[in-house]
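Note sheet for the following structure.
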Amino acid sequence: MTAPVWKQVEIEVALEAAELVADAVGEIAGGVEVRDSGTLIRADAGRAAIVALCAPERLGELLAEIEAVCARAREAELPVDPVVVRQRESHEDEWRDVWKKYFRATRVGRNFIVRPSWDLESIPLGPADRIIDLDPGRAFGTGGHASTRLAIALAERSAQTPARPVRRFLDLGCGSGILAIAAALLWPDADGLAIDNDPEATACAQENLDRNRIARVRVVTGTLDDAGGPHDLILANIQADVLTALAPAMAAHASPGASLILSGLLTEHAPDVAAAYQAQGFRLVESRDEDEWTGLLLALG
């Protein structure tokens, strides 16, 4: 059977506008990938490329939405220009083959190896290594982005020098569930919650948890308001403005002495995010940088 033909549209914009554009075109496209300087397939520093697969009959609607969302960004004084739009035909099997070409087993942090089903043996395993089996799918998070690598490395750091035992943890905005899987492997006796407001993400997270035989993490479609608590560890790989707004609620859902790992932050925004959490009683334990991205490890109290 012949693979379906899609229109592949690549929208190149300023990095700050990437998530806004991706969210807008994702409502129309059959699949969206965001590339920046921290992804496996890289964009130039300070730029991002949103690659969308679109059914041919919806191409006009997609192009109109690109113009509209970029206009909204300019009105909000969000950097977006120059905007470059490229399009071509693409087969669905080509999309899968691109992932197989670029996404190979990868060492993340000190002892994690993230591996796809087509590359199970290229990295020799050591006695302390922890395996995360994960194929690129519908939701963000493969270990191929700097923000995910930073979050996992900081989780390892937290596990090595724990301020207190982790009995309950939360992966907020879980995407593929990769951070919940990492936390479950680091704290196997803890109960976890993976939550995202996108049902596609939570379905993908559940698939990946099942693939890795993780039974003590519950998956919920919702927001932080649905997360209960208190939690001894919270991991959140989300953009800076959202994390800043969530600071008071994060403190309310954290137990005394809890660890908080924040990623998804452009380095220039990290000090303001850290300050918002310090104002809620968190102290900064460590900050790590990779490419244009920063991860923060904080503790409450």
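What's the local net charge at CYS174, with K and R +1, D and E -1, over the other residues with C-beta under 10 Å away?
Details: positive: none; negative: ASP171, ASP196, ASP198.
It works out to a net charge of -3.
Using only the Cα atoms, what convex hull volume per residue in Å³ does the chain have? Kindly include the intermediate steps, with their values, before the conclusion.
On the way: hull volume 39.2 nm³, N = 301.
Cα-based convex hull of the chain, divided per residue, equals 130 Å³.
Taking 8 Å as the Cα distance limit and 6 or more residues as the minimum spacing, I'd like the relative contact order of the chain as a percentage.
Working: 642 pairs, mean separation 42.3, N = 301.
So the answer I get is 14 percent.
Just grab the label-to-label distance for ARG283 and ARG213, each label 7 Å out from Cα along the Cβ direction, in nm (one decimal).
4.1
So, in Å, what gap is there between the alpha-carbon centers of the range 223-301 and the range 11-41?
Cα centres, the range 223-301 to the range 11-41: 24 Å.
Quick one: what are the phi-derived ³J(HN,Hα) couplings along the range 63-79, Karplus 6.51/-1.76/1.60 with θ = phi - 60°, whole Hz, x for glycine and proline?
The phi angles translate into 5, 5, 5, 4, 4, 5, 5, 5, 5, 5, 4, 5, 4, 8, 6, 8, x Hz.
Tell me what the chain gives for mean residue ellipticity at 222 nm when only DSSP H runs of n ≥ 4 count, each as -39,500 (n - 2.57), the sum divided by the residue total, rounded to 500 deg cm²/dmol.
Details: 8 runs with 97 residues, N = 301.
Calculated at 222 nm, the ellipticity per residue is -10000 deg cm²/dmol.
Determine the dipole magnitude for the chain: charges of +1 sit on the beta-carbon of Lys and Arg, -1 on that of Asp and Glu, nothing else is charged, the reference point is the Cα centre, and the result goes in debye to the nearest 20. Kindly include the intermediate steps, with their values, before the conclusion.
Values: 29 positive and 46 negative charges, 247 e Å.
Around 1180 debye, computed over the chain.
Could I have the simple spin-label model distance between ARG86 and ARG104, label points 7 Å from Cα toward Cβ, reported in nm to one decimal?
2.4
Taking a ≥ b ≥ c as the square roots of the eigenvalues of the Cα gyration tensor of the range 187-229, is the shape rounded (a/c under 1.5), prolate (a/b larger than b/c) or oblate?
Details: a/c = 3.70, a/b = 1.17, b/c = 3.16.
Oblate.
Quote the FRET efficiency, to the nearest 0.05, computed for ASP191 versus ASP23 with a Förster distance R0 of 30 Å and r equal to the Cβ-Cβ distance. Let's see the in-between values first.
Working: r = 31 Å, r/R0 = 1.03.
Rounded to the nearest 0.05, the efficiency is 0.45.
Report the rotationally averaged projected area of the range 210-301 based on its alpha-carbon convex hull, in square nanometres. Walk me through the numbers on the way to the answer.
Numbers: hull surface 26.4 nm².
Result: a mean projected hull area of 6.6 nm².
With a probe of 1.4 Å, find how much accessible area the chain has per residue, and write the answer as a whole number in Å².
Details: 13690 Å² over 301 residues.
Result: 45 Å² per residue.
In nm, to one decimal, how far is the modelled label at ALA68 from the one at THR221, with both set 7 Å along Cα→Cβ?
The modelled label-to-label distance comes out at 2.3 nm.
Just to verify a number: FRET efficiency for THR267 and GLU61, C-beta to C-beta distance, R0 = 25 Å, to 0.05? Walk me through the numbers before you get to the answer.
Numbers: r = 36 Å, r/R0 = 1.43.
Computed FRET efficiency for THR267 and GLU61: 0.10.
The values are calculated or read from the model by the stated rules, or taken from the named source; none is laboratory data. Keep in mind the model is a prediction, meaning the values are calculated, not measured. Backbone-built Cβ (ideal geometry, glycine too); neighbour counts: all protein chains shown. Surface accessibility is based on the protein's heavy atoms, side chains included, excluding ligands, DNA and RNA. Shrake-Rupley method; radii C 1.70, N 1.55, O 1.52, S 1.80 Å.
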